[in-house]
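*Asks:* The structure under discussion is supplied below as structure tokens; questions concerning it will follow.
The values are calculated or read from the model by the stated rules, or taken from the named source; none is laboratory data. The structure displayed is predicted, hence computed values, not measured ones. Please note: Cβ atoms are built from the backbone with ideal geometry, for glycine as well, and neighbour counts cover all protein chains shown. Accessible surface areas use protein heavy atoms only, side chains included; no ligands, DNA or RNA. Shrake-Rupley method; radii C 1.70, N 1.55, O 1.52, S 1.80 Å.
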Protein chains: 2
Amino acid sequence: MFSSPWIPFLLFVLSTSVVTALPYRFPRLSPIGEKFLHHSRVLELPPSDDFKTFYYNQTLDHFNYRPESYTTFPQRYIVNFKYWGGANSSAPIFAYLGAEAPIDDDLNVIGFMTDNAIQFNALLVYIEHRYYGKSVPFESRDEALRNASTLGYFNSAQAIADYANILMHVKKEFRANYSPVIVIGGSYGGMLASWFRLKYPHVALGALASSAPLLYFDDITPQNGYYSVVTKDFREVSETCYETIKKSWSEIEAVALQPNGLSFLDQEFKTCRPIGRSFELRDYLWSMYASAAQYNHPPGYPVTRICDAIDGAFSVNGTLGKIAAGVFAYRGNLSCYINEPRNETETDVGWRWQSCSEMVMPISSDDDMFPPFPFDLGNFSRYCNGLYGVPPRPHWATTYYGGHDIQLVLQRFGSNIIFSNGLKDPYSIGGVLHNISDTLLAVHTTNGSHCLDILKANETDPEWVVTQRKTEVGIIKAWISKYYADLANYKQNKTF
Amino acid sequence: MFSSPWIPFLLFVLSTSVVTALPYRFPRLSPIGEKFLHHSRVLELPPSDDFKTFYYNQTLDHFNYRPESYTTFPQRYIVNFKYWGGANSSAPIFAYLGAEAPIDDDLNVIGFMTDNAIQFNALLVYIEHRYYGKSVPFESRDEALRNASTLGYFNSAQAIADYANILMHVKKEFRANYSPVIVIGGSYGGMLASWFRLKYPHVALGALASSAPLLYFDDITPQNGYYSVVTKDFREVSETCYETIKKSWSEIEAVALQPNGLSFLDQEFKTCRPIGRSFELRDYLWSMYASAAQYNHPPGYPVTRICDAIDGAFSVNGTLGKIAAGVFAYRGNLSCYINEPRNETETDVGWRWQSCSEMVMPISSDDDMFPPFPFDLGNFSRYCNGLYGVPPRPHWATTYYGGHDIQLVLQRFGSNIIFSNGLKDPYSIGGVLHNISDTLLAVHTTNGSHCLDILKANETDPEWVVTQRKTEVGIIKAWISKYYADLANYKQNKTF
């Protein structure tokens, strides 16, 4: 019960120092969680010598012929030749489609590429998404992000057209014309991979779309789906933990309304600086639970870590003490918590635009571990319009890519996509979880988390993720075998 | 044998008065031939009351979020409800995708729609292509066509996105959410129809792509294919006719070089005004032969008409007299010929831009009934750049839509497209003439001409075109039956 209405301007990142408040709760859409967390899977290794960087002169606007549209910018892609079967061998190309971040980390993180290259003799290609990293149009990053006039070219249709151009160029340059291309992506990048196979079947033979919530548009998936899975994840680990969290929101609110209540919260949670409003704390917690559920990877299992701390805290500390114990356990030993200074990342800035233009995912919460939090499209549009001067196009993703009745539409159309998911990942609820046809396949694990299958294999990996990866490799092998048979037949009997 | 090199600036239309010379020979890409020809199939009937006109507020640029991209313009579409099964009946929608002309004539010409609507209980929708007819962005047609800055939005990707928006709107407005949509188009419109099914399978269940030369890009089809078919058409009708035409070019040239040679040609061909250069005559003839072959419809059969006149002319008149007799027979009884005054049509103006931007079809002639005429991409690009200030993107069509190795690419991807052709149509050589899979089907007739199958059925139609249309209707019926079975099953067992 809240005495004041839940303030609808909340954050989707863990810290608040310089991040603009957003009227929505879009959790991070990336294969990996926050880098600075000690349980993150990001290994800070320098890329090995096997990786070679190239730049492609990319067209600014593929779908327009105004003189400005012809402007080009250097787009980065990175190639690993180490395992490749070589020119004219028709050995496969694995292409990782970059998402809403610089491509650098992906070289180390996306183990699916390097772990499997050797058995496929595959050429590995990693392509950076436009407007991220070193692939920024206009004179500078500042200029590119200045306003809607320069941001207008920053969208998924242009991005996958970029990928088509680069992959056709790579095939030509490296004499790999008949090499089957398998595109791989995770989260937003997984959506791009599945859309790429659907829109450019002449460029990619197949796609591995890991944890791609491509049905989380236009209310295909119920708005409260994401947070209902977060709730389920916590509840399955511990009913008492779930209960504690559920009742904590009103307690925070009640304490905050008391004289010196905010100072008490500062002490209790060891904040780095005094919190100005209770929503700052609530928002932090909200995001932490979401992130823990989404990136609930082995062996750390952050949901378990949080709940163990909450359940194990001395009950003399009350609900808030338990919640604080959860925070400390999740974040590890730090000098302070909640509002640590943090700079905006490229992902923060870029995804804010992308979700305010076309990647509009209506996510709300409704009667679960979290207080009710509606998604109001009108508010959201006004907010985005205020930020950029242009409103979102909330129906465009389903107009261009489809999604409604996907089973009916694709059961006799398209082929060779793996939709992989881990069901503990709250975004999995917006993914494809059932086979659509013999070649549009859903591969999921009950205990898997966001993009776990495409991360680097690890000795501590549980059997079920090892099996999931093997299944995916087996499916891709079958596509490629069939393709080679088709190719041989085609070359012999070419009629046109 | 030519004493001077063949001048590369030639026309692709029958008359020259105000049409800018083009360095290429792209024959007309429309379901019907020149309207003013007496054997044209266009019936000048006013559209019946069954047709109701609507306008949709269309977005200027679907793939860009600059503030200007959000501008809207009224796009015309015309609906015929007469045969429709009604709201919530899931009766089919036949959607004719407009091509490079105002939509008006299509209502009477595209008989496939009206002839078959009754047996399908189909709703008929005709959508006008952006920048034609009443569907022009910006303040006026003049403004829209002013330069590349306003023409830049005039391309096929934007056009099919328009169609997706309108068809989704129509389904919603007329409560036809589960109505299967069959898109139908001819020539360039046929390419749009096949591309639409490939890019928007969630909007259209299937496509009838009549006489769509979608492989005439990027040298997939040999450049000389078009004119080699024209040659074959004439030769099959009459070897002597073919011989006469073949030798006429050098005779025209020789006469033109003599004193008063051009006046002699004026007299011989009854020109409307003195021809300035021999190429004016040569170009006219060239286009006439191409057009006669392409639109060699029953019962008129213009190739036969021309050849009968050429072969039947008194030999005392020599080669040129025979050629002139062919012109008179083709054009009918007029007061003068060759350079009749003629205004540029919307198609002339619009297609010039489209072929100078993305629809670059390299067509040449090489050692057949016509003198050699190369297609030089460099010249062509310079020419287009000179006209519009932006160069063509000759590889974009195959990058976005594919085409290379189409059989290999699509044999396990996509479904429900009929590629129909008449093999007498020179453009058929750039079409899909072999089945790609069980549901990507080539339906062609040996004696058919350009888009004949989708024109109005007629008592004089030969059996083979009647059969072709029946085959097409049968295939579409099978798609729809299968879809209804899928739909029933889907509604019962919906899993997501």
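*Asks:* Could you tell me how many degrees, from 0 to 90 and to the nearest 10, lie between the Cα long axis of helix A:278-294 and the main elongation axis, the longest principal axis, of the Cα atoms of chain A?
*Replies:* In chain A, helix A:278-294 runs at an angle near 40 degrees to the longest axis.
*Asks:* Between chain B and chain A, with a rotation axis joining them, whose C-beta in B is nearest that axis, and what is the whole-Å distance?
*Replies:* Closest Cβ on chain B to the axis mapping it onto A, in Å: B:PHE63, 2.
*Asks:* Provide the net charge surrounding A:ALA204, with neighbours chosen by a C-beta distance below 12 Å and charges set as Lys +1, Arg +1, Asp -1, Glu -1. Display every interim value, and only then the final one.
*Replies:* Values: positive: A:LYS171, A:ARG197, A:LYS199; negative: none.
It works out to a net charge of +3.
*Asks:* Rounded to the nearest 10 Å², what accessible area does B:ASP461 have for a 1.4 Å probe in the complete protein model?
*Replies:* The accessible area of B:ASP461 comes to roughly 20 Å².
*Asks:* If you don't mind, there's one more thing I want to ask. With everything on Cα atoms, drop me the angle between helix A:463-493 and the longest principal axis of chain A, reported from 0 to 90° to the nearest 10.
*Replies:* Taking Cα atoms only, the helix is inclined about 20 degrees.
*Asks:* Measure off 7 Å from each Cα along the Cα-to-Cβ vector at B:VAL473 and A:GLU251, then give the distance between these two points in nanometres to one decimal.
*Replies:* It is 7.5 nm.
*Asks:* If each residue of separation counts as 0.36 nm, what is the full-extension length gain between A:ASP376 and A:ASN447 once their alpha-carbon separation is subtracted?
*Replies:* 22.4 nm
*Asks:* Shielding by partners for A:420-429, please: the mean number of other protein chain Cβ atoms within 10 Å of each residue's Cβ.
*Replies:* 0
*Asks:* Is any residue of the range A:253-288 close enough, with backbone N under 11 Å, to a label point placed 7 angstrom from the Cα of A:THR240 along the Cα-Cβ axis, and if so, which?
*Replies:* In the range A:253-288, the label zone of A:THR240 (backbone N under 11 Å from the point 7 Å along Cα→Cβ) covers no residue.
*Asks:* With axes computed from alpha carbons, what is the tilt in degrees of helix A:156-173 against the longest principal axis of chain A, rounded to the nearest 10 within 0 to 90?
*Replies:* 40 degrees
*Asks:* With point charges of +1 on the Cβ of Lys and Arg and -1 on the Cβ of Asp and Glu, referenced to the Cα centre of the protein assembly as shown, which listed residue (A:TYR301, B:TYR132, A:THR399) lies farthest in the positive direction of the dipole?
*Replies:* Going by the charge dipole, the pick is A:TYR301.
*Asks:* On to the next question. All other residues with a Cβ under 9 Å from the Cβ of B:GLU346 taken together, and with Lys, Arg as +1 and Asp, Glu as -1, what is their net charge?
*Replies:* -2
*Asks:* Charges on Cβ only, +1 for Lys and Arg, -1 for Asp and Glu, centred on the Cα centroid of chain B; of B:LEU387, B:PRO31, B:GLN267, which one is farthest towards the dipole's positive end?
*Replies:* B:PRO31
*Asks:* Anything losing 10 Å² or more of accessible area from the isolated chain to the full protein assembly: pick those residues out of the range A:447-496, probe 1.4 Å, ligands and DNA/RNA ignored.
*Replies:* Residues losing area: A:LYS482, A:TYR483, A:ASP486, A:TYR490, A:THR495, A:PHE496.
*Asks:* With +1 on each Lys and Arg Cβ and -1 on each Asp and Glu Cβ, and nothing else charged, work out how big the dipole of the range B:224-331 is about its Cα centre, in Debye to the nearest 20.
*Replies:* 180 debye
*Asks:* Here's something else I'd like to know. Going by amide H atoms built from the backbone, whose H comes under 5 Å of the H on A:VAL443, apart from near neighbours?
*Replies:* Those qualifying (amide H under 5 Å, at least 5 residues apart or on another chain) are A:PHE419, A:SER420, A:ASN421.
*Asks:* Sticking with this structure for a sec: Taking every DSSP beta bridge that has both residues in chain B, what percent is antiparallel when rounded to the nearest 5?
*Replies:* 35 percent
*Asks:* While we're here: On the protein heavy atoms, probe 1.4 angstrom, tell me the percent of accessible surface of chain A carried by carbon and sulfur. Before the final figure, lay out each step's value.
*Replies:* Details: 9190 of 17460 Å².
On chain A, the fraction of accessible area on carbon and sulfur atoms equals 53 percent.
*Asks:* Restrict the search to the range B:343-428; then list the trypsin sites (Lys or Arg not before Pro) that DSSP places in a loop and that have at most 13 other Cβ atoms within 10 Å of their Cβ.
*Replies:* Hits after loop and neighbour filter: nothing returned.
*Asks:* Which value at 222 nm does the protein assembly as shown reach when only helices count, each DSSP H run of 4 or more adding -39,500 (n - 2.57), with the total divided by all residues and rounded to the nearest 500 deg cm²/dmol?
*Replies:* Only helices count here, giving -12500 deg cm²/dmol.
*Asks:* Which peptide among B:484-492, A:131-139 comes first, and what is the full order, when sorted by highest mean count of other Cβ atoms within 10 Å?
*Replies:* Sorting B:484-492, A:131-139 by mean packing, highest first, produces A:131-139, B:484-492.
*Asks:* Is there a simple number for the mean count of other chain Cβ atoms within 10 Å of the Cβ of residues in B:139-152, and what is it? Please report the intermediate quantities before stating the final value.
*Replies:* Working: counts 0, 0, 0, 0, 0, 0, 0, 0, 2, 7, 5, 1, 3, 9.
Partner-chain Cβ atoms within 10 Å, mean over residues of B:139-152: 2.
*Asks:* So, one more: Could you do me a favour and compute the accessible area per residue for chain B, 1.4 Å probe, result in Å²?
*Replies:* Averaged over the residues of chain B, the accessible area is 35 Å².
*Asks:* What cysteines in chain A have no other cysteine with a beta carbon less than 4.7 Å from their beta carbon?
*Replies:* A:CYS451
*Asks:* Check B:TYR337: other-chain or 5+ apart residues with amide H under 5 Å from its amide H, H built from backbone geometry?
*Replies:* For B:TYR337, the qualifying residues are B:THR271, B:CYS272.
*Asks:* Using a label position 7 Å from Cα in the Cα→Cβ direction, what is the ascending list of nm distances from A:ASN57 to the same site in the other copies?
*Replies:* 4.2
*Asks:* Hey, for A:GLU139 with labels 7 Å out along Cα-Cβ, what do the inter-copy distances come to in nm, ordered shortest first?
*Replies:* 3.2
*Asks:* Further question on the same structure: Looking at the range B:431-496, which GluC sites (Glu not before Pro) are in a loop (DSSP not H, G, I, E or B) and have at most 10 other Cβ atoms within 10 Å?
*Replies:* Those satisfying the criteria are B:GLU459.
*Asks:* Provide the buried accessible surface between chains B and A in square angstrom, both chains summed, 1.4 Å probe, rounded to the nearest 100.
*Replies:* What B and A bury together is about 5700 Å².
*Asks:* Within 10 Å of each Cβ in peptide B:350-359, how many partner chain Cβ atoms are there on average? Round it to a whole number, please.
*Replies:* 1
*Asks:* Between B:GLY332 and the same site in the other copies, what are the distances in nm, shortest first, taking label points 7 Å from Cα along the C-beta direction?
*Replies:* For B:GLY332, the other copies' label points sit at 8.7 nm, shortest first.
*Asks:* Using a 1.4 angstrom probe on the protein heavy atoms only, line up B:GLU340, A:GLU344 by accessible area, largest first.
*Replies:* Greatest to least solvent exposure: A:GLU344, B:GLU340.
*Asks:* I want the local charge near B:ILE245. Using Cβ-Cβ distances under 12 Å, sum +1 for each Lys or Arg and -1 for each Asp or Glu among the other residues.
*Replies:* Values: positive: B:ARG235, B:LYS246, B:LYS247, B:ARG282, B:LYS322; negative: B:ASP233, B:GLU239, B:GLU243, B:GLU251, B:ASP311, B:ASP368.
My count for the surroundings of B:ILE245 gives -1.
*Asks:* Given Cβ point charges of +1 (Lys, Arg) and -1 (Asp, Glu) and nothing else, what value in debye, to the nearest 20, does the dipole of the protein assembly as shown about its Cα centre take? Write out the running numbers ahead of the final one.
*Replies:* Details: 82 positive and 98 negative charges, 98 e Å.
Rounded to the nearest 20 debye, it is 480 debye.
*Asks:* Okay, moving on. State, to one decimal in nm, how far the label point of B:ARG141 lies from the label point of A:GLN258, with both points 7 Å from Cα in the Cβ direction.
*Replies:* It works out to 7.8 nm between the two label points.
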